[in-house]
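To start, the structure itself, in structure tokens.
The values are calculated or read from the model by the stated rules, or taken from the named source; none is laboratory data. All values reported here derive from a predicted model rather than from experimental measurement. Ideal geometry is used to build each Cβ from the backbone, glycine not excepted, and the neighbour counts take in all protein chains shown. Surface areas here come from the heavy atoms of the whole protein model, side chains and all, with no ligands, DNA or RNA. Shrake-Rupley method; radii C 1.70, N 1.55, O 1.52, S 1.80 Å.
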Amino acid sequence: MEPAVSNGRLEVSCGNKIPKSTPCPRPVPGEASGGCSFDGAQITLIPIADAAHLVHGPIACLGNSWESRGSLSSGPELSAYGFTTDLGEQDIIFGSEQKLHESIRYIVSRFAPPAVFVYTTCVTALTGEDIEGVCKAESERLGTPIIPVNSPGFVGSKNLGTRLAGDVLFQHIIGSTEPEQTTSHDINLIGEYNIAGEMWHIERLMQQAGMSILSRITGDGRFREVGWAHRAKANMVVCSRALLGLAVQMERKYGIPYFEGSFYGAKETSYSLRQMAYLTGDRDVERRVDKLAAREEMRLSLELEPYRKQLKGKRAVLYTGGVKSWSVITALQELGIKVVGVGTNKSTAEDVSRIADRIGDDAEYIPEGGARQILKTVRSRKADMVIAGGRNMYMALKEQIPFVDINQERHKAYAGYDGLLSLAKQLVHTLQHPVWELTAKLAPWEEETEFAD
């Protein structure tokens, strides 16, 4: 994964120019239960906080995922509004393009956003609504970018929706504005959604090393800021699978090198900061990153010591996707936890290769099966806890298995040096919570029966 350098200039990106595997495989029946394409597109674009996001479909499409993500904004909160055309039977029978026209005009006149994203849903895609035509007409009429997001749920998985949202950013936004000033240390973060404020911690580290974020794609993002992403010196792809295509397209069109990285765990954080510094081509920044990494790792090691004593030797099943499927393994290993099972259903071949580099064959790979297979792995491998997304929380709690949420619905930041300390505290808290002792006891009526016998 080391970048090739000739005469001091970067020749190829640290990542592959073309993904070896198909980024988003064809969906199979039932797969959308883990998140559909519409859901994936929203996850990617809604963190653009100052834009309006209008769902053209029934109210259920909006309500299903509204306010369920942990992305935070440091300023505007227009994206938190749940705009929808709320289609009913009459709209589906007779058409709803006029309703979409009126909804866009209301949003622009009432909130004056810099842009409006209009999301296609399964219903409006099947009835053949000309959403692109409506958006184009209203853009010209109102003088505000009205951007169609053609990612109805039935076309595939959540990851495919994320990739389609990346195409929207590349085709409609990136390159549309110019920054007031740039530096030779400007970096774009792609696929970092600022869950529970994680990106703010990373940004502070970058600033201490002399680097800055030019465009946030898209955590705590702003519409104009995304537009000038083409002026960055390098891209870091935090979500390796679905938005890799965006980084590839930016490299081809604008010559911006990219690499795939993570901020989960001290080692991964230091590696990512060093890669950023390397791509700036500034030796002074590289030296500052080295000093910063050494100082933070030493501080963290001391603060983690009491938690490592309590976590050492614990066994965990990790069920997540993408970059977290391997980067969280590194973080857990730094805490002394052994990963005995890992989900690979949302991982690319490269993700699986990285998982294998970290745990080899000493763990069970879970390519499919969901909660049933997770539970089976927990029992067969004698795991102490499950680390997964919120969908698997109820399975774990019903089976009295300590559970930690690692996906986007969580409200705790685990990225960076401080994030690893936060993760260690959460794991210890979960494992030692008194509820497990209480649930292991017999119920009062069961105790009476036992004594009677």
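Residue count for region 174-202 satisfying the condition of being part of a helix (DSSP H, G or I) and surrounded by 23 or more Cβ atoms within 10 Å (Cβ to Cβ): 3. Every test in (1) assigned to a helix (DSSP H, G or I); (2) open to solvent by 10 Å² or more (accessible area, probe 1.4 Å); (3) farther than 19 Å from LEU420 by Cα is passed by VAL226 save one, and that test is (2). Evaluating LEU421 against the criteria (1) of a type in the set (A, V, I, L, M); (2) within 22 Å of the chain's Cα centre (by Cα); (3) farther than 20 Å from GLY35 by Cα; (4) buried (at least 21 other Cβ atoms within 10 Å of the Cβ) leaves one unmet condition, (4). Taking (1) part of a helix (DSSP H, G or I); (2) of a type in the set (S, T, N, Q); (3) without any contact (Cβ under 8 Å) to a residue 60 or more places away in the chain in turn, ASN235 satisfies each apart from (1). The residue pairs whose first member lies in region 391-410 and is more than 18 Å from ARG372 (Cα to Cα), whose second member is part of a loop (DSSP other than H, G, I, E, B) and among the hydrophobic types (A, V, I, L, M, F, W, C), and whose beta carbons are closer than 7 Å, counting only pairs six or more residues apart or on different chains, are ARG410/ALA196. For region 268-297, which positions are open to solvent by 70 Å² or more (accessible area, probe 1.4 Å), closer than 18 Å to TYR414 by Cα and either touching a residue at least 24 places away in the same chain (Cβ under 8 Å) or aliphatic (A, V, I, L, M) (or both)? Residue satisfying the conditions is GLU297 alone.
Only one residue in TYR106, TYR81 is under 24 Å from VAL123 (Cα atoms), open to solvent by 40 Å² or more (accessible area, probe 1.4 Å) and modelled with pLDDT of 95 or more. Which one? Step through it out loud before you land on a result.
Numbers: TYR81 fails: modelled with pLDDT of 95 or more.
None of the others qualify; the one that does is TYR106.
When you go through LEU169, LEU205 one by one, which is the residue that is more than 29 Å from ASP284 (Cα to Cα) and either open to solvent by 30 Å² or more (accessible area, probe 1.4 Å) or in a helix (DSSP H, G or I) (or both)?
On the way: LEU205 fails: more than 29 Å from ASP284 (Cα to Cα).
Of the residues listed, the single one that is more than 29 Å from ASP284 (Cα to Cα) and either open to solvent by 30 Å² or more (accessible area, probe 1.4 Å) or in a helix (DSSP H, G or I) (or both) is LEU169.
Listed by position, the helices (runs of 4 or more DSSP H) inside region 73-131 whose residues that are of a type outside the set (D, E, K, R) and closer than 21 Å to LEU164 by Cβ number at least 1 are 97-111, 122-126.
Check whether at least one residue in region 402-416 is assigned to a helix (DSSP H, G or I), under 20 Å from ILE43 (Cα atoms) and of a type outside the set (S, T, N, Q), and report yes or no.
At the first step, the residues of region 402-416 found to be assigned to a helix (DSSP H, G or I) are 416.
Going one step further and asking which of them are under 20 Å from ILE43 (Cα atoms), we end up with none.
The answer is no, given that none of the residues of region 402-416 is assigned to a helix (DSSP H, G or I), under 20 Å from ILE43 (Cα atoms) and of a type outside the set (S, T, N, Q).
Please tell me if GLY265 is over 30 Å from ILE173 (Cα atoms), open to solvent by less than 60 Å² (accessible area, probe 1.4 Å) and in contact with a Leu (Cβ under 9 Å, 6 or more places away or on another chain).
On the way: over 30 Å from ILE173 (Cα atoms): yes; open to solvent by less than 60 Å² (accessible area, probe 1.4 Å): yes; in contact with a Leu (Cβ under 9 Å, 6 or more places away or on another chain): yes.
When the stated conditions are applied, GLY265 passes them.
Within region 126-135, the residues that satisfy the criterion of being open to solvent by less than 50 Å² (accessible area, probe 1.4 Å) and modelled with pLDDT of 95 or more are ILE131, GLY133, VAL134, CYS135.
Evaluate the following for ILE43: is it closer than 25 Å to SER176 by Cα, within 20 Å of the chain's Cα centre (by Cα) and either at pLDDT 90 or above or not in a loop (DSSP other than H, G, I, E, B) (or both)? Before the answer, list the steps.
Numbers: closer than 25 Å to SER176 by Cα: yes; within 20 Å of the chain's Cα centre (by Cα): yes; either at pLDDT 90 or above or not in a loop (DSSP other than H, G, I, E, B) (or both): yes.
It is true that ILE43 is closer than 25 Å to SER176 by Cα, within 20 Å of the chain's Cα centre (by Cα) and either at pLDDT 90 or above or not in a loop (DSSP other than H, G, I, E, B) (or both).
Please tell me if GLU138 is under 28 Å from LEU246 (Cα atoms), among the acidic types (Asp, Glu), open to solvent by less than 70 Å² (accessible area, probe 1.4 Å) and not in a helix (DSSP H, G or I). No; evaluated as a whole, the condition is false for this residue.
If the condition is being on the phi > 0 side of the Ramachandran plot and in contact with a helix residue (DSSP H, G or I) (Cβ under 9 Å, 6 or more places away or on another chain), then region 58-99 contributes GLU67, ASP86. Filtered by the rule that a residue be open to solvent by 70 Å² or more (accessible area, probe 1.4 Å), farther than 24 Å from GLY313 by Cα and in a helix (DSSP H, G or I), region 353-394 gives ARG372, ARG391, TYR394. May I ask you to verify whether ARG308 is modelled with pLDDT of 95 or more and closer than 15 Å to GLU364 by Cβ? Judged against the criteria, ARG308 is not a match. Can you name the number of the only condition in (1) more than 20 Å from GLY35 (Cα to Cα); (2) touching a residue at least 60 places away in the same chain (Cβ under 8 Å) that TYR365 fails? Failed condition: (2).
Out of VAL155, VAL168, I need the residue that is touching a Ser or Thr at 6+ places or on another chain (Cβ under 9 Å) and under 18 Å from MET250 (Cβ atoms). Which one?
Of the residues listed, the single one that is touching a Ser or Thr at 6+ places or on another chain (Cβ under 9 Å) and under 18 Å from MET250 (Cβ atoms) is VAL168.
Taking GLY313, is it on the phi > 0 side of the Ramachandran plot and either in contact with an Asp or Glu (Cβ under 6 Å, 6 or more places away or on another chain) or open to solvent by less than 70 Å² (accessible area, probe 1.4 Å) (or both)?
Working: on the phi > 0 side of the Ramachandran plot: yes; either in contact with an Asp or Glu (Cβ under 6 Å, 6 or more places away or on another chain) or open to solvent by less than 70 Å² (accessible area, probe 1.4 Å) (or both): yes.
It is true that GLY313 is on the phi > 0 side of the Ramachandran plot and either in contact with an Asp or Glu (Cβ under 6 Å, 6 or more places away or on another chain) or open to solvent by less than 70 Å² (accessible area, probe 1.4 Å) (or both).
For region 208-220, filtered to residues that are open to solvent by less than 10 Å² (accessible area, probe 1.4 Å) and within 21 Å of ASP290 (Cα to Cα), the residue that is nearest to the chain's Cα centre (by Cα) is MET211. The numbered conditions (1) modelled with pLDDT of 95 or more; (2) over 19 Å from the mean Cα position of the chain (by Cα); (3) more than 16 Å from GLU225 (Cα to Cα); (4) not small (Gly, Ala, Ser) are all true for VAL155 except (1).
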